[in-house]
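Structure first, then comments.
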Amino acid sequence: MNKKILTFLILVWATNQTVSQPDPSPGGAPAGVDPLYSEAKIAAASGDQERTQVRLELAKAEELLWKNNLLLLASKFNIDARKASIEQAGLYANPNIFVDQSIFAEPTQRYFDFTRSGQTVVQIQQVFLLGGKIDKRVRVAELSAKMSEQEFYDLARALITKLRRTFYFIHYYRDAIAFYDKSLIALEKTVNSADLAYKRRAVLQSEVLRLKALLFFLRKEREDLRIKVLEKEADLRVLLNEDSYKSQSVAIVPILDLDFVEKATIEGLKLDNMLAKAREYRPDLKKAVQALRYEEANLELQHANAIPDLAFGPMYNRGGTAFQNYWGVTAQLNIPIFDRNQGNIKAAEKSIQVRKQELKNLILEVENDVSVALATAKAKDDLYKKFRNTYTSDYANLAEDMILSYEKRYISILEFADFFETYRSSIVEMLRLQTDRMEAIEGVNYSVGTGLIVPSYKSNGDSGAKEGGSK
């Protein structure tokens with residue numbers, strides 16, 4: 001059924017093209033496709049004339065991401081919270097004051113007698129942490145803060161990759177929708193003409209119904225693409241969190257550096273160099289290293305916690321001992337006979353082994369991620385560069401000859417329709433290949449943890465530079 005539908009679509013499109021011969025419009029159409037109608041008519045067909053189109057460059061989008069993204073802001077607050085724990089870990093224990101006052105003095109028959117005839121005990125104690133506990137607590141808190149920083153950079157890496165992939169997706173899928181819109185406009189004109197012809201009994205009703213069914217299925221296919229674009233626009237709004245883009249009446253039009261897109265190449269990348277950079281820049285790998293150091297520092301802290309702390313301070317007792325005014329010194333120390341913190345020490349030792357295995361596994365994952373990302377990007381890039389200048393352009397050049405051949409009855413309608421079905425598929429698949437290629441290139445950047453293949457922003461270099469900030 002789909003093949004028949006596409007056959008009628010291409011046939012109608014080709015027939016209208018030979019009749020109308022409109023002026024080509026610049027921009028929006030894929031390479032090798034002659035635009036049938038103006039951008040205004042295409043917008044009218046797609047329904048975008050009801051939405052305000054706002055152009056957005058990738059550099060500006062990345063700047064807004066760093067500034068407004070709620071997940072990044074939350075992660076920054078988490079870093080501040082972890083750093084506050086460093087300050088808390090370095091604080092000394094507060095002194096303890098103990099006061100004992102008699103309620104009723106028997107000799108004087110007074111309640112709460114604070115005079116020399118009553119009894120009052122005052123004791124002050126300060127806890128001294130032994131075994132270097134404070135320094136070790138500070139070290140553990142510092143490593144925890146460093147782990148939160150790497151979590152921030154890992155989140156930023158994922159969000160930037162998602163932003164760029166969303167940009168490429170919307171751009172190329174809008175081109176695909178424009179291609180559908182041009183065909184739909186031509187088909188709608190043909191359906192209207194067929195209706196008039198049917199009223200004159202020039203065509204059969206079955207042919208009219210077949211054209212209307214074709215129009216329905218083609219518009220549904222086009223609407224599926226448009227829904228995907230709307231979903232990606234929604235993702236973009238969440239990523240940017242910018243008031244000027246939040247309204248559903250705003251259509252975000254990504255502006256790409258097409259010169260960078262065409263010249264982006266994978267040929268100069270070497271796997272060994274990429275692996276070295278991944279070990280240097282991957283924030284999740286750095287976090288795993290910090291997690292191992294954290295457990296090692298925690299083991300030292302648990303050994304220190306096995307050492308009892310000393311509570312020491314002066315004491316004054318009036319009227320409660322053989323002496324009227326008694327001054328003394330108190331000291332308190334727990335004897336580690338039963339509880340020597342052995343359970344926490346064993347747990348910390350096992351945690352070190354866990355982190356070591358997790359680190360080894362992550363290193364293997366990173367190596368495979370980089371290898372697969374590079375191979376995927378090379379395959380997509382090679383395929384695109386092999387056909388970008390010949391594949392669709394050859395079809396476009398041959399299209400006119402096929403139309404003339406069909407008009408002169410040199411070829412059958414089946415041969416003619418089969419050619420245009422292949423032509424239509426080639427255009428759409430080329431747009432999808434461009435999307436896949438750029439997503440694969442972003443996959444290389446993501447796998448390494450820094451921007452190896454990114455556009456150079458002349459106006460604002462901060463966005464690209466921040467990606468390597470996890471170093």
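The values are calculated or read from the model by the stated rules, or taken from the named source; none is laboratory data. This is a predicted model, so every value here is computed, not measured. Please note: Cβ atoms are built from the backbone with ideal geometry, for glycine as well, and neighbour counts cover all protein chains shown. These area figures cover heavy atoms from the full protein model, side chains too; ligands, DNA and RNA do not enter into them. Shrake-Rupley method; radii C 1.70, N 1.55, O 1.52, S 1.80 Å.
A few comments on the model shown:
- Scan region 55-75 for residues that are part of a helix (DSSP H, G or I) and open to solvent by 80 Å² or more (accessible area, probe 1.4 Å) and the total you get is 4.
- Of all the residues in region 239-279, those that are surrounded by 14 or more Cβ atoms within 10 Å (Cβ to Cβ), aliphatic (A, V, I, L, M) and assigned to a helix (DSSP H, G or I) number 6.
- Hey, GLN123 out of contact with any helix residue (DSSP H, G or I) (no Cβ under 7 Å at 6 or more places or on another chain) and surrounded by 12 or more Cβ atoms within 10 Å (Cβ to Cβ) or not: yes
- The single residue among THR376, THR392 that is outside any loop (DSSP other than H, G, I, E, B), of a type in the set (Ser, Thr, Tyr), modelled with pLDDT of 65 or more and out of contact with any Lys or Arg (no Cβ under 8 Å at 6 or more places or on another chain) turns out to be THR376.
- Selection of first residues in region 330-348 that are at negative phi and of second residues that are modelled with pLDDT under 90 and open to solvent by 80 Å² or more (accessible area, probe 1.4 Å), restricted to Cβ pairs under 6 Å at least 6 apart or on distinct chains, gives an empty result.
- Any hit, region 373-380, residues being open to solvent by 80 Å² or more (accessible area, probe 1.4 Å) and either within 25 Å of the chain's Cα centre (by Cα) or not β-branched (Val, Ile, Thr) (or both): no
- Selection status of VAL208, more than 22 Å from the chain's Cα centre (by Cα), open to solvent by less than 70 Å² (accessible area, probe 1.4 Å) and farther than 30 Å from ASN68 by Cβ: yes
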